[in-house]
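Visitor: Okay, handing you the structure first.
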Amino acid sequence: FRETNNESGDSKLRLATCQSLWNQIKSETEQIQEDLNKQLFDNLVDFLRRSHLEFQEKTTKWNCQMKSREIPAAALVLGVNVTDHDLTFRSFSEVLRNNVTRYIALLEAKDCPDVKNLMQKLMGQLMNCYIEVDSLEDEDSVQVSQNRIRCSMTSLINWYESVTKTTDSETPSKKRASSSRLWLSPPVVVIFRDMESFTTKVLQDFIVISSQHIHELPLVLIFGIATSPMIIHSLLPYSVSSLLCIELFQSLSCKEHLSSIIEKLLLTNQFPFKLGEKALQVLINIFLYHDFSVQNFIKGFQFCMVEHFYTQPLSVLCCQLVDAKKRVNSLSHDQCENVRKLPSFRRYVEAQVSEKQIALLTEDSVLKEIVQKLLEDMDVYHENYISVLRCLHVFTSSLPKYPLGKQIRELHCACLENQVWETEEYESSLQLARMLNKSDLVTMLQQCVEILVSSSGNEFDKAVEKLKEFLTQFQKLEEAFQERDVSVSSQKELQKKTDLYHLQKTLLELKESRRSKKLTKFEMLRLEVVDYIDSLVRKYLVPADHKTLHEIVYFNTASVLRGHLNAAPRIALHTALNNPYYYLKNQALKCDGGSISNKAPDICIVYKLHLECGRLINLVDWLEAFSTVVMSAEGPNADAASSDQVDDVVHARFIRAVSELELLGFIKPSKQKTDHVARLTWGSC
């Protein structure tokens with residue numbers, strides 16, 4: 001932001017606007033995720049409470065578990081979006097620390113290759129948790145004692161008993177304050193973050209050892225599962241799984257999570273920044289076909305916003321309508337010229353009369369007045385678009401098939417891409433809607449009335465009245481099915497006449513009768529309802545790129561987004577080695593396409609030389625060519641002095657560069673000739 005468009009003087013304002021808007025979006029996404037996980041976390045806390053109370057009160061059920069040595073265990077199925085699991089476990093750990101227990105250990109398979117390392121990690125995390133929460137005065141002594149303690153289940157039990165006794169001996173006031181937030185004799189929660197990655201032996205040994213001490217330590221296990229709960233029985237034999245009292249918990253689907261994020265971020269007038277159809281489709285495709293990660297989708301959304309504010313000088317107006325109007329009045333002449341260069345504004349000017357065209361292109365005051373009006377129109381457009389889109393989704397999501405998609409995000413993309421009423425999918429949806437029964441239609445109309453009434457716009461008053469009128473007509477309507485008797489009698493005739501001639505004759509008569517049959521009152525009213533919804537769609541669901549000044553609030557540069565988010569390591573590596581100036585921006589590295597700069601890094605020189613070779617590369621010839629390029633910077637005298645013998649430093653640099661190239665997978669040693677290496681890559685990127 002500081003290095004671009006300094007002449008406009010608004011880079012700092014754009015940066016501040018971007019940061020402020022992102023802080024609001026980040027806060028909203030965190031709240032959304034908290035709300036979505038609330039039910040899951042409440043169920044887990046209730047599970048821990050039941051397990052804890054059974055241990056504390058020594059009920060009959062817990063005594064039975066003691067005898068059978070069963071450990072309370074929660075199988076937490078989180079889905080394959082592994083990159084989102086970190087945030088989920090962090091949030092869950094925070095909930096537990098605030099409401100249940102401070103003794104929580106989060107274990108990962110990479111840190112626990114055996115039971116010894118697992119116990120070290122377990123005890124280390126539990127003791128550090130205790131130090132951080134209580135006091136830091138005795139940190140050194142506790143750390144020393146931790147190092148001296150043998151990491152075993154007996155040591156863990158002794159530590160837990162000493163800690164709980166210390167808690168019980170606190171002053172009454174301090175004890176009341178802690179008991180209001182945490183439980184007495186709190187459970188020790190051990191979370192296996194990625195259960196599928198743990199080795200079978202480590203899990204088996206830990207569970208067997210823990211089951212022998214479950215009557216002394218209120219241990220609760222939580223298994224984080226990415227695939228299926230059946231993985232527990234695949235990893236653990238019956239003799240071990242029978243030691244667990246397992247309860248299953250299922251998190252919200254990542255697709256439902258994504259739909260909630262899109263609905264709260266994009267299908268709202270709260271945030272002025274919007275994604276165009278192409279950019280949104282790139283992010284959704286990465287989500288669906290790569291990682292199912294909601295966190296990566298949010299990061300991609302953040303990149304889009306930063307890129308928009310960085311490259312679009314007029315993004316300073318991408319803010320709430322009240323602030324945007326104030327900023328319009330302070331636009332400089334250069335910014336007004338930027339407005340005039342926008343393609344959508346050019347189309348707007350071309351549609352005006354000649355006198356107004358001259359005023360818009362020459363007078364900044366007239367331009368600012370029109371820009372304010374157009375920004376108001378854009379704000380109203382978004383409000384109306386969102387309301388009608390929800391109404392259309394009510395109809396399309398209730399159909400027996402989903403030509404426009406079941407999720408509202410699919411419908412939103414279809415409406416952004418082009419005029420949705422011109423698509424075959426939309427026509428198919430209308431045909432299916434014209435066959436809906438009375439109860440479904442009444443339910444949909446009631447939902448549409450609620451959506452339009454809750455809209456802040458005033459343009460839907462007539463639409464609400466019309467929909468309520470339809471509901472009244474449906475309530476008063478009494479269906480008459482006189483044609484039903486005729487159709488039943490016709491079917492009986494079909495059953496009687498079995499020869500082909502009479503069968504064809506009867507079918508033709510039925511076809512003619514259906515053509516001439518008059519529509520019932522219900523069918524006529526149903527067609528009228530569908531046609532009215534169609535008129536709302538045609539009026540309010542115009543694609544965003546048809547609106548003037550849409551470039552200010554919409555980011556739709558899919559190529560830039562795809563280039564940054566869709567990893568292409570081979571192309572990036574080839575570019576870095578073949579043209580280091582592209583990344584380093586060092587003028588000394590600038591050279592023509594075929595030449596090799598002696599200022600380039602050694603690996604770049606070796607790489608460009610190896611591109612000129614065949615399948616087998618002679619190391620001696622390669623070294624001489626490398627030496628020629630490197631020594632060319634030192635002049636002819638240096639070349640003459642070292643013509644008989646290559647300098648040892650150059651030789652060492654060459655060996656290191658070749659080793660790095662081998663590490664990257666471009667070459668490998670050859671068994672055919674000892675002084676040659678084999679080339680592994682071919683073709684250009």
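The values are calculated or read from the model by the stated rules, or taken from the named source; none is laboratory data. Here the structure is a predicted model, which means the values were calculated and not measured. Reconstructed Cβ throughout: ideal geometry from the backbone, glycine too, with neighbour counts over all protein chains shown. Remember, those area values only see protein heavy atoms, side chains included, never the ligands or the DNA or RNA. Shrake-Rupley method; radii C 1.70, N 1.55, O 1.52, S 1.80 Å.
Visitor: Check off (1) of a type outside the set (S, T, N, Q); (2) surrounded by fewer than 17 Cβ atoms within 10 Å (Cβ to Cβ); (3) at pLDDT 60 or above for ASP140 and give me the number that stays unchecked.
Guide: (3)
Visitor: Still on this structure, I have one more. Hey, any hits in segment 578-599 for a residue that's within 30 Å of SER670 (Cα to Cα) and open to solvent by less than 30 Å² (accessible area, probe 1.4 Å)?
Guide: The answer is yes, given that some residue of segment 578-599 is within 30 Å of SER670 (Cα to Cα) and open to solvent by less than 30 Å² (accessible area, probe 1.4 Å).
Visitor: From ILE603, ILE655, ILE617, grab the single residue that is modelled with pLDDT of 90 or more and either touching a strand residue (DSSP E or B) at 6+ places or on another chain (Cβ under 6 Å) or outside the structural domain of ASN579 (by the TED database) (or both).
Guide: After applying the criteria, what remains is ILE617.
Visitor: So which residues in segment 391-416 are within 21 Å of GLN446 (Cβ to Cβ) and touching an Asp or Glu at 6+ places or on another chain (Cβ under 8 Å)? So that I can check it myself, show each step before the final result.
Guide: Within segment 391-416, the subset within 21 Å of GLN446 (Cβ to Cβ) is 391-400, 406, 408, 411.
Once the filter is applied, which keeps residues that are within 21 Å of GLN446 (Cβ to Cβ) and touching an Asp or Glu at 6+ places or on another chain (Cβ under 8 Å), segment 391-416 yields SER398, ILE408.
Visitor: Further, regarding this structure: Residues to consider are VAL442, VAL394; find the one that is open to solvent by 20 Å² or more (accessible area, probe 1.4 Å) and either under 24 Å from GLU277 (Cβ atoms) or free of Cβ contacts under 8 Å to residues at least 60 places away in the same chain (or both).
Guide: Exactly one residue qualifies, and that residue is VAL442.
Visitor: Only one residue in LEU203, LEU217 is in a helix (DSSP H, G or I), open to solvent by less than 60 Å² (accessible area, probe 1.4 Å) and assigned by the TED database to the domain that holds LEU78. Which one?
Guide: Values: LEU217 fails: in a helix (DSSP H, G or I).
When all the criteria are applied, what remains is LEU203.
Visitor: Taking the condition of a type in the set (A, V, I, L, M, F, W, C) and closer than 15 Å to ALA657 by Cβ, does LEU609 pass? Walk me through it before giving the result.
Guide: Working: of a type in the set (A, V, I, L, M, F, W, C): yes; closer than 15 Å to ALA657 by Cβ: yes.
The answer is yes for LEU609.
Visitor: Check off (1) of a type in the set (Val, Ile, Thr); (2) within 13 Å of the chain's Cα centre (by Cα); (3) in the same structural domain as HIS215 (by the TED database) for ILE261 and give me the number that stays unchecked.
Guide: (3)
Visitor: Considering only segment 271-314, how many residues are crowded, with 23+ Cβ neighbours inside 10 Å and among the hydroxyl-bearing types (Ser, Thr, Tyr)?
Guide: Within segment 271-314, residues that are crowded, with 23+ Cβ neighbours inside 10 Å and among the hydroxyl-bearing types (Ser, Thr, Tyr) number 0.
Visitor: Do we find that LEU561 is surrounded by 12 or more Cβ atoms within 10 Å (Cβ to Cβ) and closer than 17 Å to LEU661 by Cβ in this structure?
Guide: no
Visitor: Could you count how many residues in segment 450-490 are modelled with pLDDT of 50 or more, of a type in the set (S, T, N, Q) and either open to solvent by 60 Å² or more (accessible area, probe 1.4 Å) or more than 24 Å from GLU383 (Cβ to Cβ) (or both)?
Guide: 6
Visitor: Which one of the conditions (1) within 19 Å of LEU561 (Cβ to Cβ); (2) without any contact (Cβ under 8 Å) to a residue 40 or more places away in the chain; (3) touching a helix residue (DSSP H, G or I) at 6+ places or on another chain (Cβ under 9 Å) does TYR289 fail to meet, given that it meets all the rest?
Guide: Just one mismatch for TYR289, condition (3).
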